[in-house]
Amino acid sequence: MAAADERHVLAVAEAIADETPVDWEATPLSDPRIAGLRGIASVAAAFRDAAQRAEDPQPAQESETILFTWGHLHVRERIGGGSFGDVYRAWDPLLERDVALKLWRADEGPADAGARRFLHEARLLARVRHGNVLTVHGVERHDGRAGMWTDLIEGESLEERLARGGPLGAEEAALFGVDLCRALAAVHEAGLVHGDIKAANVLRERGGRIVLADFGAGTTVASRGQNGACGTPLAMAPEILRGGAPTRVSDLYSLGVLLYRLVSGRYPIEPETLGKLLEDHHNGARVPLVDRRPDLPLAFTEVVERALAPNPGDRFRSAGEMERSLARALPDKGHDAPTAPSWWPWRWVAAGAGAVVLATVAYLAVLSQRPSLSPAKVRALAVLPFHATGGTDAEFLGPGLAETFARRLRFLPGLSVSPDRSVSRLAGAIFDPQAAGQALGVAALVVGTVESEGGAARLTLELVHAHDGSLLWRTVVNGESRDPAALGDEGVKRLARALRLELPAPTDADASSQGASRPEAVYAWLAGRRLAAVRTGEALERAIVAFERSIHHDPDFAAAHAGLARAWGLAALVEPPREPPPQSWARARHAALRALVLDPGLAAAHAALAEIAFRCDWEWATAEREFLRALDLDPECAETWSSYAELLSVTGRHEEAIVATRRALASDGDSASVRVSAGAVFLEAGRFDEAIGELHTAIRLEPSSAAAYTILGAVHEERGMYAEAVGQWQNALTLSGSDPDEVSDFGRAFASSGMTGVWHWRLARLEERSRRAWASPALIARAHAALGHRSEAMAWLARAVEERDERFLRVKEEPAFDDIRLEPAFAALSDRVLLDVTALPVTAADSESATAAPRHPPSIEAALYRNRDGRSESLANGSTVHPGDRLFLAMTCAEPVHLYVFDEDRNGSLFVLFPLPELELANPLPARQRHRLPGQRDGIGQDWVVTSAGGRETILVVAARRPLPELEREILQLRAADAGRPVQRIERPMPEVVALRGVGGLAASTPPASSRPGSRLTQLAASLAERASQGEAWLREFVLESSPQ
Amino acid sequence: MIPAATLETTARLLELVRSGDDGARERLAVRCLPALRRWAHGRLPARARGMIDTDDLVQVSLLRALNQVESFVPRREGAFLAYLRRTLLNSIRDELRRTVRRPGGEELTDAIADDAPSLVEEAIGHELVERYEAALATLEETQQEAVILRVEFGYTYQEIADAICAPTANAARMTVSRALVRLAEAMDGRR
């Protein structure tokens, strides 16, 4: 044997050893060793599958009656058939699930051209991997019969749907059409045409997935054209009926017929006899859809009519073009159709029981040959977000697992893996391997699916050729749903083997746990980070859910608490915010401090705290110190550099701000939010061209960035280009989800009255909002100022300062305030918040002196009451309370304060009475309102309930203008020590109350008594005494006697 | 799978077992059991899996092998596993004869045993498994071990290198690949 043959045989053996696919069709079988190796490959696969199954419980299906076996399939029942052969439901012991098996009629030997073509076409279809195309699992010949096995779809065909429910509406039909366009795009991209698009060949799986298949009468295109009985000719393009070969546009014609039929129940051309069909085509006898359904939207009708154009050149040129037109025809109700990647396999999974519908292969014609690529040659790839099904955390599991998977792959020497951010940018697009490959500069894409059920989990990994979407490699990893990381690790190992790369042992450097004890916590945290980076209200809400889910899995996961703090902080900045920003900042503060308690060295926690100090507390020195600490811990964090730059910008340190901005851009120039921030910094510095450049880049990176358009509008406004400014603001309004009429109205306001009209429009909108929710006082002030309403502007500005409205920091320099900028009241406000500082104090001591509070304590009135059957009974110092008594604190404050209430029992145990995270009342408490503590829950007022019996109870109430970090930390530590204690609820004797160990008595003593030297409460009070004496805090200690029974 | 990089290598454990260290025997058993259990799952006939506890079978076989360690002294992990595999195959057959009875109560004959395919046989057929086994037996010892460890036990190349005393993972990979070619030749020769 020639040396070259030796090398080839050895290469095949290596591929088997490496568990990579071997292209047996391209391997000459003349060498008997190849036949032997093929057998060994089967042996190896069988051992692998058996080992995997050893980990899983035996499926019940295995015990069903077997009609016969075909290859490794256990054939259970015949469910269809025709002249081509038979269709069965079969059990696949390797996949461990039911499949549809289509067996060609009894083989007539090598001359059976039909069988050969059947196999060839099935193999081609097997290369198409798309969520809307039937998945082919295998094609083989056994026992003299060619066959293929595919997904078994539970649901109904669109033909059955039509018969059952009659014609559809345009919207539903268009949604189906969008999915079918995507399916056809995948088929066409694979170099194939379907050739038989019709309602009977489209399945609607239970759960809604649309699957393109073929119930295959088993005829060729040619015979279809001659077979007038099968009904298919009515859906055929006229050029096919005239004998032409099926093409992509003829597929689109058939899809047009299908859509026509779905909404009308009729065909466009319905000849008296099929023999007259061509003549009717020739005579243009098609009935326009609008004649059948005049009620349908014109946009939809036009799509169908264009698809049905008799001349192929007048039709859509591609499935993608038709899909976009259909998507535009959909009413804008937030459908995911135009944006959601329906190729993602989350819509692949059958749900529930139903009529079992079998699908088999369509006729496919080869249009082109694809260049081949073996996995071993892949040296650049991208890991697309995995799709996960089953389990509460499926939304987070897939993308998170993919990200950690990609991280591990980056340790493979010689392999380039696309950055996560670049990949995630494709998530909203329709899956197009070629486009994705070009965009990411990779030859191959890793697509994964995680299925969880009960305690078992399965990860399916596929390596897809970016050139044409063909499958290069596939593996299935079985494991336990409680350990998804193990699935990913095994997947990485197998992929590394397929790529013929040696995977280094995991090191601390590639450990991606971030300190979390459970991988689910990491995945949810990763999802939260991705979502928070989007910065829209909706994305931030989902980010918060993700971080909370992460904390649910690992309450001590510091990074998740820090992420939650950042998300809440960003939520406070969204316009409009979903809740009053002070509440969001309070939540952010709680989370940030919790993160710091758990990990004092966590950069993200310091950054979150810095954000709060900057945007909520306006504590510049604290903010700068925390930013610098965060950057010291993580010098490459672009987000922190951006925020720090904004702090410097807001405080007038523009040159430094630009330096920090450039540092952020150097760390991550692909981040749209970093670019937006840079735009804002350049705008503040008066460098408009650079601002515009950054904002345009941001829009290119993230076309839906409303913030970029908002600031771009501001830049144009600064330049006096008002029409351009309004245009950009209209874009921002649209992207923020405003009603189109509202956006038009805004434009008309400008057209009729110029910028005065704009400001009137804005003011009306803000005032309307303020009547039902929180509206930014700073923005209202700006509108009033622009309209010349000086007194109103000043009043709202004062309120903005009082509420620490972050928007005030961003609007203070705007031209709208030019007329009132020199007024003493405005200057006083500026002084109060030190907006005009030219040199920021950089030490804590400087900061405290610069921001020194007035030397008198906050003015507070507080009284403790017992609630007896709805009547309030004031309690005096030394009063005796009884177990079960319901108590509450009534208080008012002349200015916003942060309030803390602690309770200590006779044993020295310390409890937190306020703030309580489950209640609606949160710090800071607004001024000039009567507050009833502990607050409300779901709109129901809550009381503290005396639960202790006997002994003395001491309550310490502390109020301050600023949050008191020592108390915040104390609260967090107390809660961490006994998470159930502070909000422990009891159902008896009163429902819906907060249970505490015991409170009672009312007394005022300043400074606090130190009757219990050494107790924790005494220590706390003592630590605050100095602050109280300087007017920074207000303290009250209440001592109660608890009845022994 | 037996962890390759542990403080106590399998070879060291074998030495200790030979010297009569009962603790080492226990540790060796614990280390080998998972891989053997997975392997046995594929080799046990489907219909017998409900009647025979795979774990019991594997443990009994392991016990037998360890009891004979003085007469058979494998020095390499690979050789030891190959030995265990052979012992286990015999045990499976023995146990099937002993425990699986037809409805009439007759003992399982060879023919009946052959009619009870294992998972692996279900997937690829009895004939191919037989050819593979027969061809495997013709390979030299190290090649046998390499094939068994890679194909049947799913060892990584590094683990195989440790088990067959190959200098590197890549050397183990080449050993496996060349052994597969030899195996293919042997399989073809027996057709």
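Could you state the number of Å between the C-alpha centres of the range A:642-691 and the range B:121-191?
If we compute the Cα centre of each part, the gap is 62 Å.
For A:E792 and A:S1023 in one chain, what is 0.36 nm times their gap in residues minus the Cα-Cα distance, to one decimal in nm?
On the way: separation 231, 0.36 × 231 = 83.16 nm, distance 4.26 nm.
Extra length available between A:E792 and A:S1023 comes to 78.9 nm.
Is any residue of the range B:168-183 close enough, with backbone N under 12 Å, to a label point placed 7 angstrom from the Cα of B:T9 along the Cα-Cβ axis, and if so, which?
Hits in the range B:168-183 for B:T9 at 12 Å: B:168.
Kindly state, to the nearest 0.05, the FRET efficiency for A:S416 paired with A:E656, given R0 = 51 Å and r defined as their beta-carbon distance. Walk me through the intermediate numbers first.
Values: r = 37 Å, r/R0 = 0.72.
Between A:S416 and A:E656 the formula returns 0.90.
Among residues other than A:P271 whose Cβ falls under 13 Å from its Cβ, what is the net charge (Lys/Arg +1, Asp/Glu -1)?
-1
Taking neighbour counts of Cβ atoms within 10 Å as a proxy for exposure, in what order, fewest first, do A:W944, A:W91, A:W774 appear?
A:W774, A:W91, A:W944
Excluding A:H281 itself, calculate the net charge of residues whose Cβ lies under 13 Å from the Cβ of A:H281, where each Lys or Arg counts +1 and each Asp or Glu counts -1.
-1
Among A:L134, B:L180, which comes first, second and so on when ranked by fewest other beta-carbon atoms within 10 Å?
So the ranking, lowest neighbour count to highest, is A:L134, B:L180.
Looking only at the range A:626-668, which residues have a backbone nitrogen under 19 Å from a spot 7 Å from the Cα of A:D689 in the C-beta direction?
Of the residues in the range A:626-668, A:655, A:658-659, A:662 have backbone N under 19 Å from the label point off A:D689.
For the range A:673-789, just run the numbers: alpha carbon Rg, then divide by 2.2 N^0.38 Å, N being how many residues it has.
1.06
Which pairs in the list A:K102/A:K493; A:K198/A:K276; A:K377/A:K493 are over 24 Å apart, alpha-carbon to alpha-carbon?
Result: A:K102/A:K493 exceed 24 Å.
Which whole-percent values make up P(r) of the range A:129-212 when all C-alpha to C-alpha distances are grouped in 10 Å steps starting at zero?
It works out to 16, 46, 28, 9, 2, in whole percents.
Pop the C-beta distance of B:E26 and B:R86 into the FRET formula with R0 = 22 Å and round what comes out to the nearest 0.05.
0.45
If you plug each phi of the range A:538-555 into the Karplus form 6.51 cos²θ - 1.76 cosθ + 1.60 with θ = phi - 60°, what whole-Hz ³J(HN,Hα) values come out, in order, with x for Gly and Pro?
Per-residue couplings from phi come out as 5, 5, 5, 4, 5, 4, 4, 4, 4, 5, 5, 5, 4, 5, 4, 6, 8, x Hz.
Suppose each label sits 7 Å from its Cα in the direction of the beta carbon; what would the A:N877-A:S753 distance come out to in nanometres?
Here the modelled spin labels are 6.1 nm apart.
What distance in nm lies between label points placed 7 Å from Cα along the C-beta direction at B:L33 and A:E77?
4.2
Can you run phi through the Karplus equation (6.51, -1.76, 1.60; θ = phi - 60°) for the range A:6-17 and list ³J(HN,Hα) in whole Hz, with x for Gly and Pro?
4, 4, 5, 4, 5, 5, 5, 4, 4, 4, 5, 4
For the ranges A:867-876, A:283-292, B:150-159, what's the packing order if you count other beta-carbon atoms within 10 Å of each residue, average per peptide, and put the highest first?
In decreasing order of mean packing, A:867-876, A:283-292, B:150-159 become B:150-159, A:283-292, A:867-876.
Per-residue Cβ counts within 10 Å, from other chains only, averaged over B:150-158: what number is that?
Per residue, the average neighbour count from other chains is 5.
Could you please state, rounded to a whole Å, how far the C-alpha centre of the range A:581-636 is from the C-alpha centre of the range A:465-501?
Using only Cα atoms to place each centre, the spacing works out to 39 Å.
For each of A:M755, A:M322, A:M891, count neighbouring Cβ atoms within 10 Å of the residue's Cβ, then give the residues from fewest to most.
A:M755, A:M891, A:M322
If I model a spin label at B:R178 and A:Q1030 as a point 7 Å from the Cα along the Cα→Cβ vector, what separation in nanometres do I get?
8.1
Excluding A:A170 itself, calculate the net charge of residues whose Cβ lies under 10 Å from the Cβ of A:A170, where each Lys or Arg counts +1 and each Asp or Glu counts -1. Could the numbers behind the result be given before it?
Working: positive: A:R293; negative: A:E171, A:E172, A:D295.
It works out to a net charge of -2.
Any read-out appearing in this document is the output of simple, stated calculations on the displayed coordinates, not a laboratory observation. Because the structure is a prediction, the values reported are computed rather than measured. For neighbour counting, all protein chains shown are included, and Cβ atoms are generated from backbone atoms with ideal geometry for every residue, glycine included.
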